[in-house]
Amino acid sequence: MKPTAWLFPGQGAQAVGMGRDLAEQVPEAGALFRRASEVLGFDLAKVCFEGPDTELTRSDRAQPAIFTVSMACAEALSRAKPGMAWAFSAGHSLGEWSALCAAGAVSFEDALRILQARGRFMQEACEQNPGAMLAVLGLPREAIEPIAARSGAEVANFNEPSQTVLSGTREAIDAAEKVAVELKAKRAVRLPVAGAFHSSLMKPAADRLAGRLAGVAFAAPRFPVMSNATGRPHGGPEDIRQAMVRQVTSSVRWVECVQYLSSQGVGRYVECGPGRILTGLVKRIDREAELHNISDLPSLQAVAATI
């Protein structure tokens, strides 16, 4: 059997209706939505299933919502394939919290509370320090860092070898876009986000998150969990606590995470959660990988019958 890794998506993957058929047809998935609503103090299932989109895209709603749908997908697969072994887990940005929860490093309830606060802290940091983000496509990594240096922008996401996201003040992103065009980038696309995520402009959010995490109990993960900030597996509980604060302001080293997994023999990935964003990114990093996605009941049934 190929060593298999869980993958968990980040903010931006949300869509009204996500998780509904799993919650209705898989009792364990439905139970997670009820637990989440009790912890958060609002009807999360209604927000996920009915929206409106303006409500679902709020960071303090989107982050726990995507997390809950992701964990419902993972729980449904675990029930369909009892005893299946997982070699690693990895998540993109907020998805790293899903990866940690799947490995038993943080409880479902604690992760929900953290993500609700994290989303609020990040939104408030966006208002305090306005910024923007720019996806640069078609340029290699060695061309990106000079763009950042010339513009004052920072690298937010190393998503795949020819797709990198820059983050910074609006002035820095304006300058970065001009430099990217000069260097013949295939595309330079402004992202529809509230601010400059994964940059130093998020430091107020990171500082507040550090205080929030001080009272959270972390455990050693049951299997290795990849760190966005380092591109390597997390260490013990205290390392996790510190790394998850750094993650708010540091680059998401997704390419390095996938390359490390590949170097460890991982040949199969199962993305659990709304959308197929990470499946697409992994395909462009490791072309030999076997890729699966679970986002609803039909995809759950297809994956359970295949792996």
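Read-outs throughout are calculated quantities, based only on the coordinates presented, and are distinct from any laboratory measurement. Owing to the predicted nature of the structure, the values given are computational and were not obtained by experimental measurement. Note that each Cβ is placed from the backbone with ideal geometry, even for glycine, and that neighbours are counted across all protein chains shown.
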Cross-link reach list, aspartates and glutamates versus Lys2, counting only Cα pairs under 18 Å and skipping chain neighbours closer than eight places:
Glu271, Asp286, Glu288, Glu290
Under the Karplus curve 6.51 cos²θ - 1.76 cosθ + 1.60, θ = phi - 60°, whole-Hz ³J(HN,Hα) for region 68-75, x wherever Gly or Pro sits
5, 4, 4, 5, 5, 5, 5, 5
Most exposed first by the Cβ proxy, i.e. fewest other Cβ within 10 Å, how do Asp60, Asp53 rank?
Asp53, Asp60
Which residues' amide hydrogens lie under 5 Å from the amide hydrogen of Glu271, considering only partners 5 or more residues apart or on another chain, with H built in the peptide plane?
Leu7, His292, Asn293, Ile294
Can you give me the distance in nm between label points at Lys184 and Glu145, each placed 7 Å from the Cα along the Cα-to-Cβ direction?
2.2
Residues whose built amide H sits under 5 Å from the amide H of Ala105, excluding neighbours closer than 5 in sequence, are Arg222
Please list, or write none, the lysines whose alpha carbon is within less than 27 Å of the alpha carbon of Lys178, excluding same-chain residues fewer than 8 places away.
Lys186, Lys203
How would Lys184, Lys81 line up from fewest to most surrounding beta-carbon atoms within 10 angstrom?
Lys184, Lys81
Calculated from backbone phi, Karplus (6.51, -1.76, 1.60) coupling profile of region 26-42 in Hz, x at Gly/Pro:
10, x, 5, 5, x, 5, 5, 5, 5, 4, 4, 4, 5, 5, 7, x, 8
Fewest Cβ neighbours within 10 Å first, please rank Val225, Val255 accordingly.
Val255, Val225
Roughly what % antiparallel, to the nearest 5, for the DSSP beta bridges in the chain?
50
Under unit Cβ charges (Lys, Arg +1; Asp, Glu -1), what dipole magnitude, rounded to 20 debye, does the chain have relative to its Cα centre?
380
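Where the only charges are on Cβ atoms (+1 Lys, Arg; -1 Asp, Glu), what is the dipole of region 130-190 about its Cα centre, to the nearest 20 debye?
Using only the charged Cβ atoms, the result is roughly 200 debye.
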Estimated vicinal HN-Hα couplings, Hz - region 122-137 in sequence order (Karplus 6.51, -1.76, 1.60; Gly, Pro = x)
5, 5, 5, 5, 4, 6, 6, 10, x, x, 8, 9, 9, 8, 10, 10
Dividing the helical contributions, -39500 (n - 2.57) per DSSP H run of n ≥ 4, by the residues of the chain yields a 222 nm value, nearest 500 deg cm²/dmol, of -15500 deg cm²/dmol
Going toward the positive end of the dipole of the chain, with +1 on Lys and Arg Cβ and -1 on Asp and Glu Cβ, which of Gly273, Thr249, Ala5 do you reach last?
Ala5
When Rg and Dmax of the Cα atoms in Å is calculated directly from the model, which label among [x] 31.0, 102; [y] 18.4, 54; [z] 19.5, 60 fits?
[y]
The distance between the Cα centres of region 264-307 and region 181-250, in whole Å, is 23
Extending each Cα 7 Å along its Cβ direction at Arg284 and Gln242, get the distance between those two points in nm, one decimal.
3.4
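Using a/c under 1.5 as the rounded threshold, could you call region 159-298 rounded, prolate or oblate? The axes a ≥ b ≥ c are square roots of the C-alpha gyration tensor eigenvalues, and prolate needs a/b larger than b/c, oblate otherwise.
Oblate.
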